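The block underneath contains the structure these notes are about, expressed in structure tokens.
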Amino acid sequence: MFFMKFKSATLLASVLLAASTSQAVTTSFNSGSLGILADGANDDAVTLDQAGPLADPNDRAAGYGVTPQNTFNNEANTVVPYTAALNPSSSSPFSIEFWAKPVSTDNDDSPVFNRVSAGARSGWVFFQRAESVGWNFRMYNGVGSDMSTNITGGTYTLGAWSHVVAVWDGTTAKLFVDGVDANASADPGVSGTYNASTSATFSVGGYDNGKSSFNGLVDETAFYGTALTPAQILSHHAAASNPTPGFYSSLIQNDGALLYLRNAQVPEPASAVFVLMGGLAVVFRRRR
């Protein structure tokens, strides 16, 4: 009888652990106010076990296109289903924020994407250009592939974290890098009114189809239905150095993030088994 109980407990622990691990790998849970409506589905190649930019010891970043062994998968991404709140009307303000640690560049990597590419383009997209050029934010005007906004700035270093924020106030877009206004250069050849998307899927690590993949780590991706102020952006950047668990995440949530993809620390498999077995042991003792 004892052997049967032990065998059952072990089997149950294995099943629960497998389910827990699978869920942790395949889903980036939304901690923003939209809740499960904005959970992100991860491609199998996405990793969630690498150190993030925060001093919070529980912080983990999502790896795209690169594993700890530096093997590449060019179509790894996290996709959030279309949600109207993440695609406000053209005149409505919004902000997008993320931390990125690129490990390579081909001048066409997209860390965060929310664009309809077929036909008349709508929505927006970020690109990681060369180190000396910086981050590029584009918005589209609904005429073929034409843009209404195309701004670039904020240099970065491969292998180092950058904090990137784009703010749309309903009329003008600005780019902030590492807490300050990047004084981004604007493409004088673009024109027209921003064409907000009515069907785009929000994607991290590349396009929604996996193309223009980003090679590196992305963390703390957030979307707000407001234009963050320079003071708020600077406070978010500074908060990353606070080691208090939950300090940074509380700030992001209090500032009204609708989408906030965090990558919680995944327990070591052995620890998870011991916890499950301990709980099962209590149950069996009670049933004697």
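Take Leu54 and tell me if it is of a type outside the set (Ser, Thr, Tyr) and either within 21 Å of His236 (Cα to Cα) or modelled with pLDDT of 50 or more (or both). Here the answer is yes, as Leu54 does meet what is asked.
Among the conditions (1) modelled with pLDDT of 95 or more; (2) surrounded by 14 or more Cβ atoms within 10 Å (Cβ to Cβ), Thr193 misses just one, which is (2). Against the condition closer than 18 Å to Gly189 by Cα and either assigned to a loop (DSSP other than H, G, I, E, B) or at pLDDT below 95 (or both), how does Ser104 come out, does it pass? When the stated conditions are applied, Ser104 does not pass them. Scoring Trp161 on the criteria (1) over 21 Å from the mean Cα position of the chain (by Cα); (2) within 17 Å of Arg262 (Cβ to Cβ) leaves a single failure, condition (1).
Filter region 168-185 for residues that are assigned to a strand (DSSP E or B) and surrounded by fewer than 15 Cβ atoms within 10 Å (Cβ to Cβ) and give the result. Scanning region 168-185 gives Val180, Ser185. Checking the stated criteria, Asp208 turns out to be touching a residue at least 40 places away in the same chain (Cβ under 8 Å), of a type outside the set (Val, Ile, Thr), closer than 18 Å to Leu261 by Cα and in a loop (DSSP other than H, G, I, E, B). Only one of the listed residues (Pro111, Pro93) is touching a Ser or Thr at 6+ places or on another chain (Cβ under 9 Å), surrounded by fewer than 18 Cβ atoms within 10 Å (Cβ to Cβ), under 16 Å from Phe223 (Cα atoms) and touching a residue at least 60 places away in the same chain (Cβ under 8 Å). That residue is Pro93.
The values are calculated or read from the model by the stated rules, or taken from the named source; none is laboratory data. Keep in mind it's a predicted model, so treat the numbers as computed, not measured. Please note: Cβ atoms are built from the backbone with ideal geometry, for glycine as well, and neighbour counts cover all protein chains shown.
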